[in-house]
Structure formats: C-alpha cells, structure tokens
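Everything on this sheet refers to the single structure shown next.
Readers should treat all values here as calculations from the given coordinates under stated rules, not as data from a laboratory. Only a predicted model underlies this, so the values are computations on that prediction, with no experimental measurement involved. Note: ideal-geometry Cβ built from the backbone for every residue, glycine included; neighbour counts use all protein chains shown.
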Amino acid sequence: MTGLALKNVTKSFKEGDSTVDALKNVSLTVEPGDFIAIIGPSGSGKSTLLSIAGALLQPSSGEVLVNGTNIGEMKETDLSSFRLTDIGFILQTANLIPYLNALDQLLLVRRMKGKVTSKDMEFARTLLNDLGLGQKLGKFPNELSGGERQRVAIARAFVNNSNIILADEPTASLDSNRAFEVVKQIRKEVKDRNKAAVMVTHDERMLEFCDKVYRMEDGVLTLQA
Amino acid sequence: MFLAIKEMKHSKTRFAMIGAIIMLIAWLVFILSGLGNGLSTLAAATMKNIDGDLFVYEEGSEAAMMKTKVAGTVADDVEGQYGVDNAAKFGQSTIIVQNEVVSDSKEKNDVTFAGIEPGKFIEPEVVEGKQLDANDPFGVIIDESLHEKGYELGDTIVVTSSDLKLEVVGFTKGETFNHLPTIFGNLETWQSYAFAAPGSDNGLENPVTMIALQGDSIDGEQINANYDGVETFTKSEAVMGMPGYKEESATIYMMLAFLFVISAVIIAVFFYVFILQKTQQFGVMKAIGASDRFIKNSIISQVFVLSLVSIIAGIALTYLTALVFPAGMPFSLDFKMVLIYGVVLLIVSVLGSVISARQVTKIDPLTAIGRVE
Ligand SMILES: Nc1ncnc2c1ncn2[C@@H]1O[C@H](COP(=O)(O)OP(=O)(O)OP(=O)(O)O)[C@@H](O)[C@H]1O
Ligand SMILES: [Mg+2]
C-alpha cells in the first residue's frame, strides 16, 4: 500500500498535573495523487498531526502507516533515514541553509543519503526549472525573495522523490499573490509526480486548489463538505 | 565535508578569525618547543652526545655533576667485565677563560672544561683542526660558539686564577654543557687543575667526575655491589641530573600542556556557541532527514580542515620568526618535534569539537515545525 494512513491516532501532552489532548482519535487516509488541506483554529492540533504523520513525533496510541510501514514501531535512528527517503517536508518559513545556494540546498538532501550522481544533479535542476527558478540556481537564500525561497523549499521536499509531502502553513510568510503561486506549484508537483500531500493552512482562499478539506477542532478531525 | 567547506567559504571572516587564533596558539606551541629544545641543548648537549649506555657516578650523587667524584681506576677495571665493552673517564669543571692574543679586550668567558682521554668514544669529532693528542697535554678542542667570541686555531687560552694555559687545536660543533660552551682537553691536565688543592681528590685514585660505559647488556647491579662508593645511572637519568635541566624541561612542558588544554577549550567553546546559534538550522536538517552522524561529521570535519590549515600556517610562521631571532638565542627547531606537536594540537582540537558536537543529539527536529523564527 502506498500513501499515508492514520488510524485512531491520539496524542496527549503532559503539562505538569494536567494533560492536553492535542489529537483525539484521528483517522485520515491520503492516496497518491491526493492533495488535501487541513484548516482549523490555532492550537487545535494541526501541527501535531503533521509531526506525527512525518515521523517527528510518536502518537500516544493508534497506528501511523506510511507506504504500509508502521512508524510507531521504529527506532529513533531509523526514523531519521525514514524521514529522509519517504517524507518531504515543506515548512512554514522556507528554513533554507543560509550558506548554500539554491542548487546546493537540494543536493544537500541527496548528500545525506550518500554520493551525489550526475543524475541527481540533473533532477535537482529540472525541479528548480519547473518551479521557475532556472535562473536562480546559484543564488543564496538572502539573495532570493520570500516566494523564491519557499519555492526552493518545495523543490527540496521533492528532491528525494518521497511519496509523502507534508506542508505546514507554507504560505504563512507570503503575500496573497505569492501564496497562490506557491500553492499552485505544490499542486502541480503533486499531480505531476503522483504524491500523497497534506497541507495545513490558515488561509481559506487556498482551499480551491485542494482535493479534500478537513477541519481540525480541539483535536478532532472532520471532513468538510 | 560538503557543508563544512561551503560554510567556511560563505563566512570567511568568521572562520578566518578562529583560524588565526588556532594559528597563533600553534605558533606559541612551536616557539616554546623550539626554546625548550634550545635550552636543553645548551644545558646538556655534551652529555647527550656521549654515546654511552650506562654511567658511573658517586653513590648518592643522584647523577648530579656537582656532587660526584669517582676513582678512575674503576674504569680500567670494569672494561671487559660485567658486559662493559668500553669505559671512558670524564671530568668537568666550570672555568673562566681569556684569549691571550686579544686579552687587551679583557673579555672573559665562562666555559666548561671537560677532561677526557684522547681517542676514547667521548671525544667529539672536530669540524676544523685536529683531534686531541695524548702527547700534547695542553691542546684543547673547543665549541664553535667560542669562534664567534674571537677564539682562533692556535690561540692560547688563559685560565683565570690559575697558571694553566691551553692551546686551541680544533673546533667542534654543538658541544655545550651546563649552559656553557665546552672545552675538551686531556684528562691529566684537567685533573691537575681540578685537584690542585691538596686533599680535594677525597683520596681517590685517578679521580674523575663520571665514567661512561658502552655495552649491550651491562650488569649495573653487579658494578654497584663490587665497587665502593659508586652508583650506575641510565643515560636519561644522567641527562636529568644536569644542572637546571629537569627544572627547565618541566617548566616548558607545563606551559605546553597548558597550551594544549587551552586550545582544546577554545575550540570546544567556539563550536559550542556555533552550534547553539545554529540550533534552528540543525533542527530543520534533522526534520528533513539528516542523521545526528551526518551533522556531527560535518562539524568535526570543519574543525579538522580549519585546524589543519591553521597549524600549517603556524608552522610557516614559526620558521619565519626563527629567521629573525638573534643568533645567540637558545632556539632550535627540530622538524620531527614540530610535526609531533602539530599532530597533537590537531588531535586536541578535533577532540574539543567532538565534545561540542555531542549536543547535536539533543536538538529536537520538532523545533522546525509549526514555528516562525
Ligand atoms: N511539545 C508540546 N508540549 C506540550 N503541549 C504541546 C506541545 N506541542 C503542542 N502542544 C499543545 O497541543 C495543542 C496543539 O498544538 P499544535 O501546535 O498542533 O496547534 P496548531 O493547530 O498547529 O496551532 P497553530 O495554528 O497556532 O499552529 C496546543 O494546545 C499546544 O499547546
Ligand atoms: Mg501549527
């Protein structure tokens, strides 16, 4: 089975004496080629859900299946290489490495796996070209605009050809024109390359680009009609 | 390595500054080691040059030159016994000399007068002139450094507060003893000078300062037991017994040890701060799948490259400064030693970074998610 499946996932944080239930019995399936959105108020548990789906956090109970693998049973050291090969993250701010140019940002991810081949190089160029950054390969983050940085981050999430793409408010730091641009590009990559993608957003205007919209409220996830 | 090099290229000033500090530490280490080496040569070169395996001193002297007198007859006796192939007598005194030819300058020089047997293994090779001759009791061979002070071949040396006069027949190289240039002369000549006062020979027959022995498996215990008032010492014990030698080396080594510790701490602190500054960055890298190993390797390889380059620069700087040191300064660089200290410094700084890099494990990749920096 490919894609992402969460089954009855709960997550509670201990805060002194009280516990916060950030996720309550959440189930979610994302098939390859699906681009789904999660909206909801602040503190409702959206980032927590994404962290669990992305193997950054272990659920308190329930199962998380990524491409058929139950990540709840993995060791911490295996999780990092799992994140590397199976999951592409797009973060709220681009979070690029300041001393690497656009192309090297992508090659770094390849390097975490081992040697960089000329094929990897070619793929990285193609990705950046697709995202309209063909002229900016040698630019450092401080020489790129916010939108361009976010596009580099998108390309970085796709460079390992992982099947799952997770984006946490990828447009939060952008103005609305750039935000549309970036979401359209995520959608294009998801559809072209047949990925299972989840995007958390605050911005209701972005929802028209998504196949399904879920709403998170107090740790409970519901499909929105 | 990829990250390490890219980052250094990007933040040149920052890394150049740390590099400069490592370079200066390396420079200090090498200068100190050169000084240590120079001082120990000055203190004990003649002793170190003696190709002996075991040394006979007076019992209880702790191999200190000032405290020992032994009977020369022991040397003649042990030769061919107890595994001794060769035994050579050695006597020494500190004297004040003047060059008779240029004595109008009235310049006086402190030197070490070493009495030896011509042709025995203690006698150094001359670089100019002739070796010692038993038939020329007042001929001496002297250290080159006296050449710079105006002593020439054939000059007559006047020993002050004595009527002894010596004649320069040859020059040797690198022969200093007790921080003074060495003058080698006939043992009998030295004995008549050193024991001129009646009774100063402690009643010993053919008194000398020390006897050097050659042989692969000398039975020192047996010699200690069979001869009255003698004690054998190894070469390193004998060198340690030179006046000031132990104290000087201890001082230098202590400073070197502190420098190594300081450089480790500096590197560790620098990179600790670096890692703190880059917590967010490393969190992101971990979130997108970097293992702790990957990040640690990049930190440690960065320190390795930086230290290597800086230490090489430090070596270059050391040899440059050595060029401008005054000739009389006790400074001598031994390339093998420079290399060893360079490698130690490299290992120490890499260890410092290994300690700092350990905190990478504590960085939570979750810091990258759902937060604006
Ligand atoms: N590490 C943690 N320790 C304790 N409580 C936590 C932790 N992480 C999240 N929480 C709590 O879990 C709940 C959900 O947090 P989460 O970050 O998932 O919200 P969110 O929906 O992403 O909010 P926002 O839209 O503001 O980003 C919050 O009440 C938060 O305080
Ligand atoms: Mg959030």
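For the reader, a short list of remarks on this structure follows.
- If R0 is taken as 30 Å, the Cβ-Cβ distance between residue B:236 and residue B:262 corresponds to a FRET efficiency of 0.55.
- The three principal axes of the C-alpha atoms in the range B:1-137 carry coordinate ranges of 75, 53, 32 Å, sorted with the longest axis first.
- Distance between the pseudo-spin-label points of residue B:347 and residue A:58 (7 Å out from Cα toward the beta carbon): 3.9 nm.
- Calculated FRET value between residue B:162 and residue B:316, using beta carbons and R₀ = 60 Å, to 0.05: 0.75
- Counting Lys and Arg as +1 and Asp and Glu as -1 over every other residue whose Cβ lies under 11 Å from the Cβ of residue A:144, the net charge comes to +2.
- Top positive-direction residue, dipole computed over chain B with Cβ charges, set B:65, B:318, B:186: B:318
- Solvent-free Debye scattering, log10 I(q)/I(0), computed from the Cα coordinates of the range A:1-44 at q = 0.29 Å⁻¹: -1.08
- Electrostatic dipole magnitude of the range A:2-161 [Cβ: Lys, Arg +1; Asp, Glu -1; Cα centre; debye, to 20]: 420 debye
- Residue-averaged 222 nm ellipticity for the protein assembly as shown, from DSSP H runs of 4+ at -39500 (n - 2.57), nearest 500: -13500 deg cm²/dmol
- Amide H to amide H, with H built 1.01 Å from N, residue B:167 comes under 5 Å of B:139, B:140, B:157, counting only residues 5 or more places away or on other chains.
- q = 0.08, 0.13, 0.14 Å⁻¹, chain B: log10 I(q)/I(0) [Debye, one scatterer per Cα]: -0.58, -1.00, -1.10
- Phi angles of the range B:16-30 translate, via the Karplus equation with coefficients 6.51, -1.76, 1.60 and θ = phi - 60°, into HN-Hα couplings of 4, 5, 5, x, 5, 5, 4, 4, 5, 5, 4, 4, 4, 4, 5 Hz per residue; Gly and Pro are given as x.
- Kirkwood hydrodynamic radius (C-alpha pairs) into Stokes-Einstein, the range B:120-229, 20 °C and 1.002 mPa s, D in µm²/s: 134 µm²/s
- The range B:195-264 versus the range A:2-56: alpha-carbon centroid distance in Å: 79 Å
- The protein assembly as shown, dipole about Cα centre (Lys/Arg Cβ +1, Asp/Glu Cβ -1), debye to the nearest 20: 5640 debye
- Across the range B:120-178, C-alpha contacts under 8 Å between residues 6 or more apart give a mean separation that, scaled by the residue count, equals a relative contact order of 43 percent.
- Coarse-grained scattering of the range A:120-207 at q = 0.20 Å⁻¹, given as base-10 log I(q)/I(0) from a Debye sum over alpha-carbon atoms: -0.95
- When the C-alpha to C-alpha distance is required to be over 31 Å, the pairs from A:136/B:362; B:12/B:296; A:191/B:9; A:119/B:362 that qualify are A:136/B:362; A:191/B:9; A:119/B:362.
- Calculated over the protein assembly as shown, the projected area of the Cα convex hull averaged across directions stands at 40.5 nm².
- The Cβ shell under 14 Å around residue A:177 holds other residues with a net charge of 0, Lys and Arg each +1, Asp and Glu each -1.
- Both radii come from the Cα set of chain A: Rg as radius of gyration, Rh as Kirkwood radius; their ratio Rg/Rh reads 0.97.
- Overall form of the range A:39-96 per C-alpha gyration tensor (a/c, 1.5; a/b vs b/c): oblate
- With semi-axes defined as the square roots of five times the eigenvalues of the C-alpha gyration tensor, the equivalent ellipsoid of the range A:1-129 measures 31, 17, 15 Å, largest first.
- Residue B:269/residue A:14 FRET efficiency (R0 51 Å; Cβ-Cβ; nearest 0.05): 0.90
- Over 27 Å apart at the Cα level, from the set B:89/B:149; A:7/A:46; B:108/B:235; A:212/B:286; B:48/B:106, are B:89/B:149; B:108/B:235; A:212/B:286; B:48/B:106.
- The residue among B:115, B:52, B:352 whose Cα reaches farthest toward the positive pole of the charge dipole of the protein assembly as shown, with charges on the beta-carbon of Lys, Arg, Asp and Glu, is B:352.
- Computed over the range B:142-195, the quotient of the alpha carbon radius of gyration and 2.2 N^0.38 Å is 1.13.
- Label-point separation in nm, residue B:339 to residue B:64, each point 7 Å along Cα→Cβ: 3.9 nm
- Structure remark: mean-square fluctuation, Gaussian network model of chain A, C-alpha springs under 10 Å; the largest value among A:98, A:59, A:170 belongs to A:98.
- Size-normalised alpha-carbon gyration radius of the range B:212-284, reference 2.2 N^0.38 Å: 2.28
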